[in-house]
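Each reported figure results from applying straightforward, stated rules to the coordinates on display, with no laboratory input. Just so it is clear, the structure is predicted and the values come from calculations on it, not from any experiment. FYI the Cβ positions are ideal-geometry reconstructions off the backbone, even for glycines, and counts take in every protein chain you see.
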Ligand code: PLP
């Protein structure tokens, strides 16, 4: 394709995208893809073509073969999982970023990529009312952040930083062995930090790597039974232990300080070292917010514990001053790191997961490896931030451009209106459901998430409530072209159903339509004619 070909194809693609959005507004698509597994292999050859094909054919195939297998996450009646917002501004930014395709790992790769990221992260931190400690201009000079691709990537990256920090502290108490393979500069307690850094790259089975392995085997990461699986997965990836603490319905499925303290003390008493807590600000199942006030109080007594807040979904709600208390924004001042997914409810296209730290050096001291070919004059002089040193991959996407476009075009007030509208939509649904006593809300109304189920009063002939609700869920699935929801299981409750409005297209009328589907499915499940 040449420049003029791209011009024509690009205009046509924009036309199609505009038509697509108009059709989403008109509810013209089944929200869930109505295809069977393996449908695409029947439509697409098993080998790439030997000779290039005409764009018009490729484009048509996209519409006729790919689009039918797309679930419409931007549709107003998509209320499953969590939203994955798209905006025209974000889309245009991604188009520009794709066409300058620029892996800005060092400042010199494209100074604007690094510098816009630093600036927009500060913008986001201020929109969310985060502490100045998380800004690039923090009083300590250590604060700042990085935009990664997912909350999962954030969690594992943060865990690497927290692990190295904990190992360095442990190494002070348990100095490295003095062996031939031990670098003399690394030997001895005063050089414990250097020994830990050296031990990360020595051959397995050397005395130094065994010493490191022994120290690492004592580290424990914490979350709750409601923490997203990203934490357990990060622990698996790093070969560390993860301990899921219990939460109760009575506490709104949130972690309390006393539970945390008891677990930390118990582990410490057998020589284990608490090194990281993944606290949730908005769990996936119920939107629960761990009690950050109590958690940060407890953390003061456990200096080895890095407190990371996963606010993947609900972090953007901090943009609303009226919700900050619910999010323990005062206590947020004392956590070590915080991340949210702007690509969920934050109007920015997938993927965009800002991570804010009070001491970003924790990442760079764990992840900086600089062979000659990556050195630059500015990097050597320390006058720039080379963001490769704060992440796992080398190259990185130009994600800040979409934050910049979106925040400028919406303004803070437009951003706030979007969040408020989502919560209002959820309230409208809850109000309608509240008038029907066959239903119960099983979790506090957190953000725009409502979790409900049919009550035992609706169950006929002593049917188990979980079984009843699983039948109800099966019935809802038969209507997934009109409304898409997700199921979950909550402690002290059991099987239940989640509804989360958040699409930029969702309005109150869609909540009435959603309630109609839910009510009709309940009628059918309960045998009401
Ligand atoms: N944390 C929470 C609370 C989530 O709800 C999710 C996804 O829904 C994640 C983490 C995982 O996000 P990601 O796909 O960005 O890794």
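Points to keep in mind about this one:
- Here the relative contact order of the range 326-452, from alpha carbon pairs under 8 Å that lie six or more residues apart, stands at 16 percent.
- Gyration tensor (alpha-carbon) shape descriptor, the range 103-397, a/c threshold 1.5: oblate
- Tilt relative to the chain, helix 207-216 - C-alpha long axis, 0 to 90 degrees, to 10: 40
- Centre separation in Å (Cα based) which lies between the range 108-159 and the range 257-297: 25
- Largest first and in whole Å, the equivalent-ellipsoid semi-axes of the chain read 41, 32, 22, each the square root of five times a Cα gyration tensor eigenvalue.
- Degrees between helix 400-434 axis and first principal axis of the chain (Cα, 0 to 90, nearest 10): 50
- Taking 334, 512, 72 and counting other C-beta atoms within 10 Å, the order from fewest to most: 512, 334, 72
- Estimated from helices alone, the mean residue ellipticity of the chain at 222 nm is -13000 deg cm²/dmol (sum of -39500 (n - 2.57) over DSSP H runs with n ≥ 4, per residue).
- Spatial separation of Cα centroids for the range 474-529 and the range 1-70, in angstrom: 30
- For the range 381-529, the spread of Cα coordinates along the three principal axes comes to 76, 32, 28 Å, biggest extent given first.
- Exposure proxy order (Cβ contacts within 10 Å, fewest to most) of 310, 2: 2, 310
- Counting neighbouring beta carbons within 10 Å and listing from fewest to most, the residues 419, 237 come out as 237, 419.
- Antiparallel %, DSSP beta bridges [both residues in the chain], to 5: 55
- Three-way shape call for the range 61-127 based on the alpha-carbon gyration tensor, with the a/c threshold at 1.5: oblate
- Stokes-Einstein D (µm²/s) once Rh is taken as the Kirkwood radius of the range 247-293 over alpha-carbon pairs, at 10 °C in 1.306 mPa s: 137
- Rounded, prolate or oblate (a/c below 1.5 giving rounded, otherwise prolate when a/b exceeds b/c) for the range 217-309 by Cα gyration tensor: oblate
- Compared with the direct C-alpha span, the chain from residue 233 to residue 110 gains 41.0 nm at full extension, assuming 0.36 nm per residue.
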